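Chemist: Would you mind keeping the following structure in view while I ask a few things?
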Amino acid sequence: MMIGGLDSLIGIGKTAGAKLDFSAGVAPVAAPKAGEPTSFAAALGDMATNTIGSLQQAEQVSLMALQGDADTRTVVDAVMSAEQSMQAAIAIRDKIVTAYLEISRMAI
């Protein structure tokens, strides 16, 4: 399950036979400090980072299963989590595009 161009996007190199690290590539979403607003761009960036991390984790688990280091349930859980993250990201992207198209059609 290769994700084309993903490594080049975030600059992470792969090492053969690396053990699974569930925290690798997943940046936790930091809660804003009291009185400090979170920007929309920062929220989208955090979501994209978490989605990429979830996809990478599923890829790593799949590769480990091929090598015999992971069981089927772990692979299914990781792939389902990645699928949910990707579906959420696609839904948000679609809503943003729809909103942009509606705004661009407004008469000024």
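The values are calculated or read from the model by the stated rules, or taken from the named source; none is laboratory data. This structure is a prediction, so every number in the text was calculated from the model and none was measured. No Cβ is skipped: glycine too gets one built from the backbone with ideal geometry, and neighbour counts run over all protein chains shown.
Chemist: Of the conditions (1) at pLDDT below 95; (2) out of contact with any Pro (no Cβ under 6 Å at 6 or more places or on another chain); (3) surrounded by 10 or more Cβ atoms within 10 Å (Cβ to Cβ), T38 fails just one. Which one is it?
Modeler: (2)
Chemist: Can you report the number of residues in region 58-83 which are farther than 20 Å from M47 by Cα and of a type in the set (A, V, I, L, M)?
Modeler: Total satisfying the criteria: 8.
Chemist: A further question follows. Across region 67-95, what is the total count of residues that are modelled with pLDDT of 95 or more and over 17 Å from S54 (Cα atoms)?
Modeler: 2
Chemist: Okay, moving on. Restricting attention to region 65-108, and to residues there that are not in a helix (DSSP H, G or I) and not acidic (D, E), which single residue is nearest to the chain's Cα centre (by Cα)?
Modeler: A70
Chemist: For a quick check of your reading of the model, give me the residue pairs whose first member lies in region 73-93 and is hydroxyl-bearing (S, T, Y), whose second is modelled with pLDDT of 95 or more and not in a helix (DSSP H, G or I), with beta-carbon atoms closer than 8 Å and at least 6 apart or on different chains.
Modeler: Going by the 8 Å Cβ cut-off, there are no qualifying pairs.
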